[in-house]
Amino acid sequence: EVQLVESGGGLVQPGRSLKLSCLASGFTFSNYGMNWIRQAPGKGLEWVASISSSSSYIYYADTVKGRFTISRDNAKNTLYLQMTSLRSEDTALYYCARQRGTGSFDYWGQGVMVTVSS
Amino acid sequence: DIVLTQSPTTMAASPGEKVTLTCRASSSVSYMNWYQQKPGASPKLWIYGTSKLASGVPNRFSGSGSGTSYSLIISSMETEDIATYYCQQCCSTPPITFGAGTKLELK
């Protein structure tokens, strides 16, 4: 059974940093591109970042470029999102999601909440 | 960036009614994917590659479209279909974008 379990969220002050993790199981992690997608309270879905299976290709949304870094450790079956210079508008539920061939996201984690507030 | 516009924003349908949700792209896209999200739950892949149903999706759902206009269709609305549906495009170049969603309610 495919499972994605996010961790590392919490309450953080504006300007500070936080690192999210997503532990994958039930599939060969190193064969799939992975993504972070977020959802602000009561709002829609916003793609944040993508990383290819071997980390060769990495992309970011303009809203986080230069502040967030996506990475992965295939030996540990873990996806990461390092978030720096956090802003109130980064407050959201952050999901990790597996990407399949047509660019769709076929498995999602349960999400981890990040709240940026003083 | 490609903007996806979903319509309507909210709609109410009666059990047994045919439902059509629309997603229009600001530029031509190769595929459209759709997700279903219920309150308090993670999104679920519902339709991928424009017209392929994800595993476990009832066959009263279908997807169609090309270029800049795509649709998710429910042939006969059921109570369990109450949810918010998001369209999503990708793949030519980033960024990946989602529509703002259509909230489907029961009439």
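Observations on the model:
- Hey, B:Ala13 out of contact with any Leu (no Cβ under 6 Å at 6 or more places or on another chain), away from chain A (no Cβ under 14 Å) and in contact (Cβ under 8 Å) with a residue 40 or more places away in the chain or not: yes
- Annotation: of all residues in the stretch B:84-106 being more than 13 Å from chain A (Cβ to nearest Cβ) and among the hydrophobic types (A, V, I, L, M, F, W, C), the one that is surrounded by the fewest Cβ atoms within 10 Å (Cβ to Cβ) is B:Leu106.
- B:Lys44 closer than 17 Å to A:Leu45 by Cα and basic (Lys, Arg): yes
- Of all residues making up the stretch B:14-68, the number that are touching a strand residue (DSSP E or B) at 6+ places or on another chain (Cβ under 8 Å) and assigned to a strand (DSSP E or B): 24
- Looking only at the stretch A:79-106, and only at residues there that are of a type in the set (A, V, I, L, M) and facing another protein chain (nearest Cβ under 10 Å), the one that is surrounded by the fewest Cβ atoms within 10 Å (Cβ to Cβ): A:Leu93
- One residue alone among B:Glu105, B:Glu80 is in a helix (DSSP H, G or I) and not β-branched (Val, Ile, Thr), and that residue is B:Glu80.
- Within the stretch B:67-77, considering residues that are surrounded by 13 or more Cβ atoms within 10 Å (Cβ to Cβ) and not hydrophobic (A, V, I, L, M, F, W, C), the one farthest from B:Gly16 (Cα to Cα): B:Thr68
- Among the conditions (1) under 27 Å from B:Ala83 (Cβ atoms); (2) within 12 Å of chain B (Cβ to nearest Cβ); (3) surrounded by 14 or more Cβ atoms within 10 Å (Cβ to Cβ), A:Gly9 misses just one, which is (2).
- Within the stretch A:1-85, strands (runs of 3 or more DSSP E) holding 3 or more residues that are modelled with pLDDT of 95 or more and more than 28 Å from B:Lys38 (Cα to Cα): A:68-73
- On the stretch given as the stretch B:67-83, residues that are under 24 Å from A:Trp47 (Cβ atoms) and either more than 14 Å from chain A (Cβ to nearest Cβ) or in contact with a helix residue (DSSP H, G or I) (Cβ under 7 Å, 6 or more places away or on another chain) (or both) total 4.
- The condition of being modelled with pLDDT under 95 and within 12 Å of chain B (Cβ to nearest Cβ) does not hold for A:Gly109.
The values are calculated or read from the model by the stated rules, or taken from the named source; none is laboratory data. Bear in mind the structure is a predicted one, so any value in this text is a computation, not a measurement. Backbone-built Cβ (ideal geometry, glycine too); neighbour counts: all protein chains shown.
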